[in-house]
Each structure stands twice: as C-alpha cells, then as structure tokens.
Amino acid sequence: MSSHPVDPADPVQPTAAGKRGATRAVLLARYGENLRWLVLFTLMLGSVSSIVSSTIVNVAVPDLSRHFALGQDRAQWVAASFMIAMTLAMLLTPWLLDRFGLRRTYMGALLLLGLGGLVGGLSPTYEIMIGMRVAEGVAAGLMQPLPNILILRVFHERDQGKAMALFGFGVVLAPAVGPSLGGFLVEAFGWRSIFFVVVPITLIGLWMARRYMATDSVLQGEPKPLDWRGLVLAGVATVALLNGVVEMRNSVPAGLATAGFGVAMLVVFVLWQLRAPSPLMDMRLYSYRQFSAGALVGFIYGAGLFGSTYLLPVYMQMGLGYSPSRAGLLLLPAGLMLALTIAVAGRFSHRVLPHRQVSVGLVLLALSFLLLAMGSPTTPYVLLALWVVIGRIGLGCVMPALTLGAMRGVDFSLIAQGASCVNFLRQLGGAIGVSLAGVGLQWRLSSHGAVLHEHGDVLATGARIHAFDETFMAVAAVMAVAVLAAWRIRPRPEPAG
C-alpha cells in the first residue's frame, strides 16, 4: 500500500529489448542514476511545450477573429476546444501507459502536438484550425500527468519534492513566457506563427525521448480494453457542465438546466465506473481519505487559480485603468516569486507534512484576494504588486505538496490513475472556475449598473471596482473552504503499540 518505487535506481526495468532504442541496461551503463532526472527533464519539455501552445494563442484571438470573420461565440472555441480536449484526454493516460508504455505514449503525444501546430498554422478554414486546437489539447492532456506519475513511481520520497519542484518551475515559467512570446510573434509574423512555435520544441522532445527513454518501461502494465462508454459519459458531462456555466451569462435558467444535465451525466459516469470491468477512473481511489480530500482540494484550487488568472488582468485594466503593459509588468514579480517559491517549497515537502504546506498556501491565496478586494485607484502600484505576490507565494506552496499529499498511501497499482485523476479534476475545476469568474463578475456588474468598457465616468469606475471587490471576496471564500478539505490530507496517526 505504499508508493515507493519499484526500482529506485531508474524509471525502467530490464525486460526484452525492443527493436529500436536502448534498453534499461544500456541506458543505466551510459548515464547511471542520472537517467531518471534526464527522463523527467524530457517529460518536462513536453509539458512546457503543451502549456505554451495553450496560453500563446490567447493573444492571437483578435487576429484570428478578423481573418476568419468570427463572432465572440465562435472565437471563444479557440481556447475552449483546447481546454475541453485536454481535460478529457487526461483520463486516457493510464490506459495508454498500460498498453504502450512511457516511451511510445510520450512520443505519440509529442507527434500529435507537433502535427497540430504545423497543420494549425497552415489552416485554410476555421474548422480545420479548431480541429488542430483539439488535437493539441488531446496531446497536452496526455502529457500533463506523465511527470507526476514518473515522480511518484520511480523517485524515493526524499527526492519526490525536489523532482516536483523542478517540474513545477518549468510549468510555471511556461504561461509567463507564452503570452509575451505570442504577442511578439503575432505583431511580427501574424497569427499563423503562434501555431508553428511548438514544432521545433516537439522535435527536440522527440530526440530526447529516443535518447533517454528505454524501450522496456516500468510504467507499462497489463493492456486492458478501453472503457469507451466511460469516456463518452465523461465527455458529455464535461461539455454540458462547461456550456451550462457559460450559458448562465445569457440565461440563468437555461445555464442551470444545461449544467444540471452535466451533473446528472457525471452521476451516470460514476455509477458506470463502479461496475465497468476496466474503468477509466478506478473508484477505489476514493476509499483513501487523503486522496478524496486531495482531489476535492485540487478541484477547488483549480477553480480559484484559473478564475483569478482571468480576473487579475481584467481588474488591473478595466477596474484600475492600467495599460496592458503596466498590468503585465505588475504581474511579473508575482510570476518570478511563484517560480522561486516552488523551488524552495518542493525541497521542504519531505520535511513538512503536505496538509500543512497546502493549508498555508491556501490561506495566503485567500489573504491575497481579500487584500485585492480593498484596492482602489489610489492604491500604490507597488502595494498592489505585493498583494499579488502574496497569492503567488501561496500557489507555490500548494503545487508541489498537493499531489504528493493526495497520493501518499495509495496502492502502487493505482498511482497512474490517481495522478491522472488529480490532474483531471484540477483542470476541470479550472475550466469551470474561469467561466464562473466571468459569470460572477457580470452578475455583480449588473447589480451595480456598470459595464466593463465605460471610461471617463467616476461613478461607473466606482461601480466596476465594487463589482471586482465582491468577486475577489467570493474567490477568497472558496479558498477558505478548500483549507477545510486540505486538513483532511493529513496522514492517519499510527496505532499505538
């Protein structure tokens, strides 16, 4: 019932050699115990490239809208199609690992990401472009859980925090670099260039995978049939939930009805998983108290994180009147502090109990939102930056410890599914959180009789800020609730005697 690695020396075991590529024995002789770190770095490169492909496109939406003559309802699918595909694909990762192993699963996902970028940049029609965004989203979803699975299955507990910190550092830098790089590329070369940017990264990733990943992977298990019924049910539930939340912006009754249908389909999905011979999501995971609490925290944390990522730039520009460049500059110290905090927190995760580290992080997040709710146009620029930094320090405390805390004590055979489930629920929470943040802000704006794009009216500015303040307080309350769940991640006390 422990999550110790099968072979602590390396992420692969000796089995029959493959026809192409090197076996574990060959790679161990060449690289020694550094091999697992080289494999982790290879996986991190794929995750970073997939995150860049996710975030870089946002700055190109205006250009895409002009090129394909898109309205807002069709333009939103440029981001939404990627997010939905990525969320669902995370559930497929354990099945693919069992059937094809780490090397082929990862290289296949990289090929799909590169193909999506290449064809997406050459797209002659809107429909082909959206199809390529879906392909990129599937590839991103398949790759996202892989580093966590590798860390939990092949690294000793004393090294897991350090490995999580290394992975988290790269993942955090990607969304910071993506929009800036995308803005430069769009201005210099047009919207097509933002698709092409992932192609060279995927080629490097493929070269590294062939060089450092063994043909006989410990992550490959007994091949099982794909639970396609579960995948369809999860897909219908996810799309209905997300569309329901978005629809609330236009009609609350219609949105609630669609979201309610999504919840009903989610219940059907769970019932099917309980009786499916080879379930997509093994429900035995939720018999572990720490995992159940960690999954709930991951969902709430994802909602708060992605929701705040949407709210902060809008607040800086539409609430406080900052230019895009000043708003971006204000968020820069927070991004750097987040990367630094992850590096430090990861190294201490084997000394500090995960539930304490996660709880401290969530409290700092809630405090940051409460402080932002007290902001005004007269609040000093440096003070606003400090408030945002406090929240990012909280994020840095949560990220390395959440997965480790949730997976401690989980049976070794369930680690791949568990890591994928935590990623799936965090991503689903994030997708719902972005929509809820938009709905909540629109609701509070309407109640104050304001809209985002009024300028030069002091009363309108005050009304907008009140709406943002109330939305930030709601997000802070959500983070406070997550602290209660985080405390249940604590390990059970050992029986006396």
- [ ] Looking only at region 366-379, decide whether some residue is of a type in the set (S, T, N, Q) and in a helix (DSSP H, G or I).
- [x] yes
TODO: Return a yes/no flag: does region 137-145 have any residue that is at pLDDT 75 or above, part of a helix (DSSP H, G or I) and surrounded by fewer than 24 Cβ atoms within 10 Å (Cβ to Cβ).
DONE: yes
Task: All positions within region 386-419 that are over 17 Å from the mean Cα position of the chain (by Cα), modelled with pLDDT under 85 and part of a helix (DSSP H, G or I) - done: 405, 407, 412, 413, 414, 415
Open item on the list: Taking the conditions exactly as written (among the aliphatic types (A, V, I, L, M) and crowded, with 16+ Cβ neighbours inside 10 Å), does residue 318 satisfy them or not?
Closed with: yes
Open item on the list: If residue 242 satisfies all but one of (1) over 14 Å from residue 105 (Cα atoms); (2) modelled with pLDDT of 85 or more, what's the number of the condition it fails?
Closed with: (2)
TODO: Run down 97, 110, 102 and say which single residue is part of a helix (DSSP H, G or I) and touching a strand residue (DSSP E or B) at 6+ places or on another chain (Cβ under 6 Å).
DONE: 102
Open item on the list: Condition first: more than 16 Å from residue 300 (Cβ to Cβ) and crowded, with 24+ Cβ neighbours inside 10 Å. Now tell me which residues in region 363-387 satisfy that.
Closed with: 372
Open item on the list: Just checking, does region 289-304 include any residue being at pLDDT 85 or above, of a type in the set (Phe, Trp, Tyr), under 25 Å from the mean Cα position of the chain (by Cα) and in the same structural domain as residue 446 (by TED's automatic domain parsing)?
Closed with: yes
- [ ] Kindly establish whether residue 307 is within 20 Å of residue 145 (Cα to Cα) and in the same structural domain as residue 406 (by TED's automatic domain parsing).
- [x] no
- [ ] Filter region 94-136 down to the residues that are more than 20 Å from residue 212 (Cα to Cα) and polar (S, T, N, Q), then identify the one that is surrounded by the most Cβ atoms within 10 Å (Cβ to Cβ).
- [x] 123
TODO: Within region 426-459, track down each residue that is farther than 19 Å from residue 256 by Cβ, modelled with pLDDT under 80 and either surrounded by fewer than 18 Cβ atoms within 10 Å (Cβ to Cβ) or not small (Gly, Ala, Ser) (or both).
DONE: 445, 448, 449, 451, 452, 453, 454, 455, 456, 457, 458, 459
Task: Matching residues in region 418-442 - criterion: being in contact with a Ser or Thr (Cβ under 9 Å, 6 or more places away or on another chain) and hydrophobic (A, V, I, L, M, F, W, C) - done: 419, 422, 424, 428, 431, 434, 437, 441
Task: Meets criteria (over 22 Å from residue 53 (Cβ atoms) and either assigned by TED's automatic domain parsing to the domain that holds residue 37 or crowded, with 21+ Cβ neighbours inside 10 Å (or both)) for residue 241 - done: yes
TODO: Name the residue, out of 294, 304, 298, 321, that is outside any helix (DSSP H, G or I) and not hydroxyl-bearing (Ser, Thr, Tyr).
DONE: 321
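The values are calculated or read from the model by the stated rules, or taken from the named source; none is laboratory data. The shown structure was predicted, so the numbers you read here are calculated from the model rather than taken from an experiment. Please note: Cβ atoms are built from the backbone with ideal geometry, for glycine as well, and neighbour counts cover all protein chains shown.
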